[in-house]
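Working notes, beginning with the structure itself.
The values are calculated or read from the model by the stated rules, or taken from the named source; none is laboratory data. Treat the numbers as computed from the prediction; the structure is a model and nothing was measured. All Cβ positions, glycine included, derive from the backbone under ideal geometry; neighbour counts span all protein chains shown. When the accessible area is computed, the model is the full protein with side chains, heavy atoms only, and any ligands, DNA or RNA have been set aside. Shrake-Rupley method; radii C 1.70, N 1.55, O 1.52, S 1.80 Å.
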Number of protein chains: 2
Amino acid sequence: VGSPKLGRTHPITEDELVERIRGSLRGGIEARDLTDDAASVELPDGGSVVVSVDSVVEGIHFDLALCGPDDVGWKALMGALSDLAAMGARPLGALVALCVPATSGGGSLSLGVMEGIAQAAGASACPVVGGDVSSARDVMVAVTVLGTVEGGQVVRRAGARPGDALFVTGPCGASAAGLRTLRRHAGAGGELAVAYRRPVARLAEGLVARTSGVHAMIDVSDGLALDLHRLADASAVGFELDVVPVAPGATQTEALGGGEDYELVMSCAPDATALLVEGFVAAGLRQPIRMGTVVDDARTRQLSGEPVARLGWQHNLG
Amino acid sequence: VGSPKLGRTHPITEDELVERIRGSLRGGIEARDLTDDAASVELPDGGSVVVSVDSVVEGIHFDLALCGPDDVGWKALMGALSDLAAMGARPLGALVALCVPATSGGGSLSLGVMEGIAQAAGASACPVVGGDVSSARDVMVAVTVLGTVEGGQVVRRAGARPGDALFVTGPCGASAAGLRTLRRHAGAGGELAVAYRRPVARLAEGLVARTSGVHAMIDVSDGLALDLHRLADASAVGFELDVVPVAPGATQTEALGGGEDYELVMSCAPDATALLVEGFVAAGLRQPIRMGTVVDDARTRQLSGEPVARLGWQHNLG
């Protein structure tokens, strides 16, 4: 992460901006956990709650020509739930802040979005407990989710150790391939389009990973490569990959840089890998795929000996 | 609250839409507390957390010609904290979802917003514990706040009983008067402009009200009249007001319909009013102002014998 200066005219990336915000908050108030997708908040009675917020914006994260309002709602909640999955938390509830244009159709658009949210909430056993509706030029959905680790500890991005095995819960790139398909032929069906329109947070997988004691975890929201780099950055380590599992119908570039796959990347102690895999099998989940190894040198970020670019989705914020 | 039909072409109000959303969620999944600004989420270990989300959007809630990005950040967090105040909760932490345009200046705009959020967080002892940054056409800030009632019960909008005394924590309309002043002369100073740019959530007042046992509470976010109606709707009661406290420099219309005052309206048992007022005084807070009485007939909503219109800010969602 670089050190951008205020007033510069070239764009600042999301990661750079988050780093600057973290610095500015550190000065004034307590700011914790800002490197993780979700934060753990201690409660006065000794418990804790895991909480995360995720927003999706029309024209940036979705295009209503390629998916329905219900898909937008589904994706908004699943994206937020994926942050809980990446911490190993079980969802307790969601809050929805919805902005829709004050034009004819805004009301039915809102109801469509909420229908998709209700479907995703039902599929994830995560009740919608509150919300806020507002007008805006573009459709925007910000979803906050609360979760629990039932007295355990959250799994963070930081924590990967040299020698750890890197696993991923499944092949990547199907969502990006689905978007490519839909852009070519709006209304296309098939598995890839469904992967794009209706991704699923890996909540059960995250739970097994946490209780199996993985050292670090992140969800593939912005791209396998970028999210691997983020896990490695937070852990101050490097990685050497032997394999990148590519979803059928997707390209390797889509697998590395596509994002919205919501598979989980796990860093697991070398002597605990059998336990991890057994845990997945015992829970009836697909076996995780071993991708490579964590290494000590943080500059080493390789796939089959070649450097891995930070491929993935980042907002450029001018 | 009416029963709008899908597909109609005239605008649907925020309250109507929230009612419809509530209905649609009720069908599929558990949806609780959607009449309150904040929700109470039960935790598996027996505790609970109070949580609320509030979003502000450029061109709808604020105009960057009339206030700075730091004011936008301050107001976004205070607006969310006011929802906790209205439940009698103490803040534990905040999450910020920030959307800014990907144009030149978006980075410094983000930092300005975050600076105001950090200031409000410091003033409220509410640490920022997480967030999300994204690009968008318009600036949008969605703030989620978590709070606790320390083993007690939250105060809701529902609960006002016939015979209760209605109190408000202070005079209203200063924020709207400040906006009027700023529109006439951008950059104007003075108390009214500060009331608009830097409102303060009544957290200490909400805490005293809760521990004093008030029956119902709401914050004046959208307009004293509208928020009184909402409290009365939720409680299925009416009200008779003798007085509407108007802030110096504001008009009665601004006091009734202006919003963003963040004063708290409390419904208090007639034999507990002395205790309530003493609690405020003992805590070093301004004495609450008695406005009138709750009545049994839900159709009676009067000020000095005249009907009170639902004056206030509501999004019209087409």
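A compact table of results
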quantity: Residue list for region A:255-274, filter: at pLDDT 95 or above, in a helix (DSSP H, G or I) and over 17 Å from A:ALA160 (Cα atoms); calculated: A:ALA255, A:LEU256, A:ALA274
quantity: Flag if B:LEU224 is of a type outside the set (D, E, K, R), open to solvent by 30 Å² or more (accessible area, probe 1.4 Å) and within 19 Å of the chain's Cα centre (by Cα); calculated: no
quantity: Residue match in region B:138-151 (condition: among the charged types (D, E, K, R) and under 21 Å from B:LEU203 (Cβ atoms)); calculated: yes
quantity: Residue within region B:61-80 that is part of a strand (DSSP E or B) and either of a type outside the set (D, E, K, R) or at pLDDT 90 or above (or both) present; calculated: yes
quantity: Test: residue in region B:159-174 that is part of a helix (DSSP H, G or I), open to solvent by less than 40 Å² (accessible area, probe 1.4 Å) and out of contact with any Lys or Arg (no Cβ under 6 Å at 6 or more places or on another chain); calculated: yes
quantity: Criterion (under 24 Å from A:VAL208 (Cα atoms) and either buried (at least 23 other Cβ atoms within 10 Å of the Cβ) or within 22 Å of the chain's Cα centre (by Cα) (or both)) met by exactly one of A:LEU256, A:LEU276; calculated: A:LEU276
quantity: Residues that are over 20 Å from A:VAL155 (Cβ atoms) and open to solvent by less than 10 Å² (accessible area, probe 1.4 Å), drawn from region A:47-57; calculated: A:SER55, A:VAL57
quantity: Residue in region A:153-170 that is over 27 Å from A:GLU58 (Cβ atoms), β-branched (Val, Ile, Thr) and out of contact with any helix residue (DSSP H, G or I) (no Cβ under 8 Å at 6 or more places or on another chain) present; calculated: no
quantity: Residues satisfying the stated conditions in region A:275-305, i.e. of a type in the set (D, E, K, R) and not in a strand (DSSP E or B); calculated: A:GLU278, A:ARG286, A:ASP296, A:ASP297, A:ARG299
quantity: Hits in region A:58-74 (condition: within 12 Å of chain B (Cβ to nearest Cβ) and either crowded, with 24+ Cβ neighbours inside 10 Å or hydroxyl-bearing (Ser, Thr, Tyr) (or both)); calculated: A:GLY73
quantity: In region A:132-151, the residues that are under 18 Å from A:VAL100 (Cβ atoms) and more than 7 Å from every other protein chain (Cβ to nearest Cβ); calculated: A:VAL139, A:VAL141, A:VAL143
quantity: Selection from region B:113-122 of residues that are buried (at least 24 other Cβ atoms within 10 Å of the Cβ) and either facing chain A (nearest Cβ under 7 Å) or small (Gly, Ala, Ser) (or both); calculated: B:MET114, B:GLY116, B:ALA118, B:ALA120, B:ALA121
quantity: Criterion violated by A:PRO44 - all others in (1) within 7 Å of chain B (Cβ to nearest Cβ); (2) crowded, with 18+ Cβ neighbours inside 10 Å; (3) at pLDDT 80 or above satisfied; calculated: (2)
quantity: Residues of region A:123-151 that turn out to be open to solvent by 30 Å² or more (accessible area, probe 1.4 Å), touching a residue at least 40 places away in the same chain (Cβ under 8 Å) and among the small types (Gly, Ala, Ser), as a count; calculated: 2
quantity: Test for A:ALA188: is it part of a loop (DSSP other than H, G, I, E, B), over 24 Å from A:VAL53 (Cα atoms), of a type in the set (A, V, I, L, M) and away from chain B (no Cβ under 14 Å); calculated: yes
quantity: Residue in region A:189-210 that is more than 27 Å from A:CYS126 (Cβ to Cβ) and open to solvent by less than 20 Å² (accessible area, probe 1.4 Å) present; calculated: no
quantity: Unmet requirement for B:ALA250, which otherwise passes all of (1) under 15 Å from B:GLY170 (Cβ atoms); (2) over 14 Å from the mean Cα position of the chain (by Cα); (3) part of a strand (DSSP E or B); calculated: (3)
quantity: Residue within region A:225-237 that is farther than 14 Å from A:ALA165 by Cβ and in a loop (DSSP other than H, G, I, E, B) present; calculated: yes
quantity: Residue list for region B:75-112, filter: surrounded by 24 or more Cβ atoms within 10 Å (Cβ to Cβ), more than 7 Å from chain A (Cβ to nearest Cβ) and over 27 Å from B:ARG156 (Cβ atoms); calculated: B:LEU98
quantity: Condition check for B:VAL244: buried (at least 23 other Cβ atoms within 10 Å of the Cβ), in contact with a strand residue (DSSP E or B) (Cβ under 8 Å, 6 or more places away or on another chain), farther than 24 Å from B:ALA76 by Cα and of a type in the set (A, V, I, L, M); calculated: no
quantity: Residue selected from region A:47-57 under the condition more than 7 Å from chain B (Cβ to nearest Cβ) and hydrophobic (A, V, I, L, M, F, W, C), by the criterion farthest from B:ALA94 (Cα to Cα); calculated: A:VAL56
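Residue-wise test of (1) assigned to a helix (DSSP H, G or I); (2) in contact with a strand residue (DSSP E or B) (Cβ under 8 Å, 6 or more places away or on another chain); (3) more than 21 Å from A:VAL96 (Cβ to Cβ).
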| site | (1), (2), (3) |
| --- | --- |
| B:PRO91 | no, yes, no |
| B:ALA97 | no, yes, no |
| B:LEU109 | yes, yes, yes |
| B:GLU115 | yes, no, yes |
| B:CYS126 | no, yes, yes |
| B:GLY130 | no, yes, no |
